[in-house]
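The values are calculated or read from the model by the stated rules, or taken from the named source; none is laboratory data. Just so we're clear, the structure is a prediction, and the values are computed from it rather than from any experiment. Cβ atoms come from the backbone with ideal geometry, glycine included; neighbour counts cover every protein chain shown. Calculation scope for accessible area: heavy atoms of the full protein, side chains included, ligands and nucleic acids excluded. Shrake-Rupley method; radii C 1.70, N 1.55, O 1.52, S 1.80 Å.
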Amino acid sequence: MNEIQQMSATALVAAIRRREVSAREALDAHLERIEQVNPEINAVVTLDPERALADAEAADRRTVSGAALPPLHGLPMTHKDTHAVAGTRSTSGSRIFADHVPVQDDAIIARLRRAGVVSTGKSNVPEFGAGSHTFNDVFGTTTNPYAPRLSAGGSSGGLAAAVASGIQPLGEGSDMGGSLRIPASFCGVVGFRPSHGVIPTPPPGDDWAWLTRTGPMAREVSDVALFMFAVAGPSPRVRPPAPVTGSDFTGPLLGDLRGVRVAWSPDLGLGLPVEPEVLAVLEGRLRVFEEAGAIVEEATPDLTDAEEVFRTTRALDFAAALGPLVREHRDLVKPEVVGNVEAGWALSAREIVAATGARTRLAAALRAFHARYDLLVSPAAQVLPFDARLRYPAAVDGVEGTGYLDWMRSACALSATGLPVLALPAGFTGSGLPVGFQLSVDHYRDADLLRLGKAFEDRTRCVDRRPEIRAGTGQRVRPVTTVAAR
């Protein structure tokens, strides 16, 4: 990677502001890196370089004009393909929308563009963002920069691979059941699932949806804080507004682990199987917390009700969002999505009421837990990156699953809690595969969570180890699809 491609988002934006690097130069480095590595990992699936060039040149004119500059001024960025970008093909990884060009930006894209981002194209996703392995019938499979025959995770897998490989330092993803955290763990980067409403992005037709969150992915925690500063804040669609805004993420990100009460839970008290190599890396890193002055104990909140809450809420959300599409285009939708929608249609009133009670009990258990512990630490993923030709792992550490969600349960359980969660690189296996923690704190302590994560990051510097991508190591060579400028 050249010097620009190695920069953090914070450093690159600062360099553009100081006129040491132009937005055009940043864009050229971004496009060059896509050309270098994308044929091996298939992270970026749509490019619009002419539009991006016009935006970069406009950013450079603004730099010299003396006008106030937004927080992400001139930063090149592809966007997750489940997020609509006006005038750019946005497919959600679905054959139904293979040629879909929206006329309006999604809320998160509008916020990013107001913050100064130069939008360049789209990163790959599983169909409709369902599942933590990134493949679809439109663009194929995204693979891992550390081992391009293995999975990059999902559903923000294209973003994770792009960030890890140096295509871009920062981007936006989303997370229902681990879609930021599992690819972050697989690709050795940072993924952040904020508290509800901190980045308000309710789906069309359901302003009260709470399970899915939009959040950033980056190589460094400080860039996550920059993203949150740029886009966090209320929306008239989400009431009441969250008690956290972008201003909570300003200032130096100084973390201190002294006296922090840390609960380490390898299986979240649910007996979850976890691959031994994953546990070996994570348990070896617990001493980082201890050496920094934290008090570490093995403990877990009572998450007995988490699975019922997650699966019922997920089914309802899928039926509400994708039910009409499945009815009309069932033969064009992958079976995992059809199954989720059908599960939502099949729910009885009794089951929905039971899930409400389960969520209430879960909230009480979390209040009791956080009265004693500040930080919960657990595996971000139960498995290492797996063969990219698979749809999903059928078993974890020899324990057979019953469906495509079973290998993701460590992430799904924390989604059910609604807590903010940070996926953080913890280290590497002997064969060089990344492994990550997920760190969670009480509701709306998002900024505190980033400070704690930064304190761990400063002591480990996993970010300094980058993948080396060599031609011919991936599954295929797939060119980026170029969209003509409007």
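Every condition in (1) in a helix (DSSP H, G or I); (2) within 28 Å of residue 132 (Cα to Cα); (3) open to solvent by less than 30 Å² (accessible area, probe 1.4 Å) is met by residue 46 except one, and the failing one is (1). Just to be sure before I move on: is residue 163 farther than 19 Å from residue 379 by Cβ, modelled with pLDDT of 95 or more and of a type outside the set (Lys, Arg) in the structure I sent? Criteria met by residue 163. The residues of segment 408-424 that are part of a helix (DSSP H, G or I) and either open to solvent by 10 Å² or more (accessible area, probe 1.4 Å) or within 20 Å of residue 356 (Cα to Cα) (or both), listed by number, are 409, 412, 413, 414, 415, 416, 417.
Taking segment 62-96 as the range and being open to solvent by 10 Å² or more (accessible area, probe 1.4 Å), touching a His at 6+ places or on another chain (Cβ under 9 Å) and not in a loop (DSSP other than H, G, I, E, B) as the test, the residues that pass are 62, 63, 95, 96.
Here the condition is being at pLDDT 95 or above, under 24 Å from residue 234 (Cα atoms), within 11 Å of the chain's Cα centre (by Cα) and crowded, with 24+ Cβ neighbours inside 10 Å; of 174, 179, 185, it holds for 179 alone. Identify all residues within segment 351-382 that are open to solvent by less than 30 Å² (accessible area, probe 1.4 Å), part of a helix (DSSP H, G or I) and out of contact with any helix residue (DSSP H, G or I) (no Cβ under 8 Å at 6 or more places or on another chain); write none if there are none. Residues satisfying the conditions are 357, 365, 369, 370.
Being in contact with a strand residue (DSSP E or B) (Cβ under 8 Å, 6 or more places away or on another chain) and either surrounded by fewer than 14 Cβ atoms within 10 Å (Cβ to Cβ) or not hydrophobic (A, V, I, L, M, F, W, C) (or both) is the filter here; which residues of segment 241-266 pass it? 259, 261, 265, 266, listed by residue number. Only residues that are free of Cβ contacts under 8 Å to residues at least 60 places away in the same chain and more than 10 Å from residue 404 (Cβ to Cβ) were counted in segment 333-348, giving 9.
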